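Colleague: Have a look at this one before I ask anything.
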Amino acid sequence: MKKTGEITEVTLANAYRSLIYEVYPGILFAFNHVHTSTLPTMPQTMDDCICTINYAASGTCGLYSSNGKYIYLRSGELMISNEQAANSFEYPVGSYCGVEIYIMRKVLEHSEKLAFFKIDVEQMLYTYLPEQYQTVIAENLSLLKNTLADISMLYEMKILDLNLLRLHIFYILRLLTAGVIESHSGYEGALTKSQVDMAKKAEHILTANLADRKTIAHIAGTMGISPSSLKNYFKAVYGQNISDYLRGKRIERAKKLLIETKYSILEIANQVGFESQSKFTEMFHTELSLTPTEYRRTHR
């Protein structure tokens, strides 16, 4: 942990980096970048936290709750929660980028300026988290879309102005106080550990050898569940349906082979699960607007 002026930087080797700002007494804001599959909880920093607001810019973050359920926050979603992860956070795709607002108990003692902006933290908590322990996923983020994009742009451009951040955070809290952001319980799509394990097992089977085109029906059958159930578990964990996820894996593998090997286009097509060069070329061009040959020539 390193503190520089108003910024606290928390890092964990190459796996985690978080820049944390106190934008108001009791309101912390963090830019989070994760490059690992799991991170332990840090309860010592959360003892006084009464609520967190998380937005996933990319990747998927899983919270294993104290009642034994996995709740996943997927790219483009906003989570409001007063729960702590039971023991760790999970990142199924191995990377995650997002922003987080911590509402600490201290803010209740410094509500005078927030009242000027019609921000009432207690009212916000009552609106979205009326029960003692609850997690909700916000829906229809159109009112927050530009604000969240602006915050991300400030970070990318390294314009880390505390007053600009404060204005954006106050806007988000004002919308939540007004109750205009719809939400549903995070437990609606929560999974058990066995369901998560099935999704992970399917992912391993499908990606271990991309040339081996196993069907979803076959994999689901070996697990004793229906194909539709397996598809639902997979999307909950990885944030994408199986076909989109596999397409991304095939593209990444093909790009690596095009640059690092002398295999023919047909050989690469076969290795990433295509029976014909034409279908592979069509898919590749659709995704990257380049043919495999053009990509190889450009990137070598």
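Colleague: Could you state the accessible area per residue of the range 187-254 in Å², with a 1.4 Å probe and every protein chain left in place? It would help to have the intermediate numbers written out before the result.
Modeller: Numbers: 3520 Å² over 68 residues.
For the range 187-254, the solvent-accessible area averages 52 Å² per residue.
Colleague: At a Cα cut-off below 22 Å, give the lysines reachable from Lys2, other chains included and same-chain residues fewer than 8 away excluded.
Modeller: Lys158
Colleague: A further question follows. Just check the range 71-170 against the gyration tensor rule for me: Cα atoms, a ≥ b ≥ c as the square roots of the eigenvalues, rounded for a/c under 1.5, and otherwise prolate or oblate depending on whether a/b exceeds b/c. Let's see the in-between values first.
Modeller: Working: a/c = 1.69, a/b = 1.06, b/c = 1.60.
It is oblate, given that a/c is not under 1.5 and a/b is not larger than b/c.
Colleague: Leaving out ligands, DNA and RNA, what percent of the accessible area of the chain is carbon and sulfur, probe 1.4 Å? The partial results should precede the final answer.
Modeller: On the way: 8020 of 15840 Å².
Accessible surface attributable to carbon and sulfur in the chain totals 51 percent.
Colleague: Taking the structure as given and computing Cα Rg over 2.2 N^0.38 Å, which label from (i) 1.14; (ii) 1.01; (iii) 0.96 fits?
Modeller: (i)
Colleague: If the reach is capped at under 15 angstrom between alpha carbons, list the aspartates and glutamates near Lys214, excluding any in the same chain fewer than eight residues apart.
Modeller: Output for Lys214: Glu203, Glu275.
Colleague: If you don't mind, there's one more thing I want to ask. Which GluC sites (Glu not before Pro) does the range 227-288 hold that lie in a coil by DSSP with at most 13 other beta carbons within 10 Å?
Modeller: Working: sites: Glu252, Glu260, Glu267, Glu275, Glu282, Glu287; in loops: Glu275.
Qualifying residues, ordered by number: Glu275.
Colleague: Okay, next question. Calculate the spin-label point distance for Arg105 paired with Ser264, positioning each point 7 Å from the Cα along the beta-carbon direction, and give it in nanometres.
Modeller: Once both label points are built, they end up 7.1 nm from each other.
Colleague: Comparing Leu246, Leu148, Leu290, which has the greatest mean-square fluctuation in the GNM of the chain with Cα pairs linked when under 10 Å apart?
Modeller: Top of the fluctuation ranking is Leu290.
Colleague: Here is a further query. So if each residue of separation counts as 0.36 nm, and I subtract the Cα-Cα distance between Asp161 and Thr192, what length gain in nm does that give? All intermediate terms of the calculation are to be shown ahead of the outcome.
Modeller: On the way: separation 31, 0.36 × 31 = 11.16 nm, distance 4.17 nm.
Full-extension gain reported as 7.0 nm.
Colleague: Residue by residue, what Karplus-based ³J(HN,Hα) values in Hz, rounded to whole numbers, does the range 180-185 have, using 6.51, -1.76 and 1.60 with θ = phi - 60° and x for Gly and Pro?
Modeller: Working through the residues one at a time gives 8, 9, 6, 8, 9, 4 Hz.
Colleague: Any idea what the dipole of the chain comes to, in debye rounded to 20, about its Cα centre with Lys/Arg Cβ at +1 and Asp/Glu Cβ at -1?
Modeller: On the way: 31 positive and 31 negative charges, 238 e Å.
So the magnitude is around 1140 debye.
Colleague: Follow-up. Might you report the magnitude of the Cβ-based charge dipole of the range 199-265 about its Cα centre, with Lys and Arg at +1 and Asp and Glu at -1, to the nearest 20 debye?
Modeller: Numbers: 13 positive and 5 negative charges, 21 e Å.
In debye, rounded to 20, the range 199-265 gives about 100.
Colleague: Tell me the net charge near Ala115. Cut-off is 14 Å between Cβ atoms, Ala115 excluded, with +1 for each Lys or Arg and -1 for each Asp or Glu.
Modeller: Values: positive: Lys113, Lys118, Arg174; negative: Glu109, Glu112, Asp120, Glu122.
Residues near Ala115 contribute -1 overall.
Colleague: Excluding ligands, DNA and RNA, what is the solvent-accessible area per residue of the range 1-111 at a probe of 1.4 Å, expressed in Å²? Don't skip to the answer; put the middle values down first.
Modeller: On the way: 4920 Å² over 111 residues.
It amounts to 44 Å² per residue over the range 1-111.
Colleague: Would you work out the relative contact order for the chain, in percent, from Cα pairs under 8 angstrom that are 6 or more residues apart?
Modeller: Numbers: 484 pairs, mean separation 44.2, N = 300.
Taking the mean separation of contacting Cα pairs over the length of the chain, I get 15 percent.
Colleague: As a test question: what accessible area, to the nearest 10 Å², does Phe31 have when a 1.4 Å probe is rolled over all protein chains in place?
Modeller: Probe radius 1.4 Å; accessible area of Phe31 about 10 Å².
The values are calculated or read from the model by the stated rules, or taken from the named source; none is laboratory data. The structure presented is a predicted model; accordingly, all values stated were derived computationally and were not measured. Glycine gets a Cβ as well: all are built from the backbone with ideal geometry, and neighbour counts include every protein chain shown. Areas reflect the complete protein model, heavy atoms only, side chains present, ligands, DNA and RNA absent. Shrake-Rupley method; radii C 1.70, N 1.55, O 1.52, S 1.80 Å.
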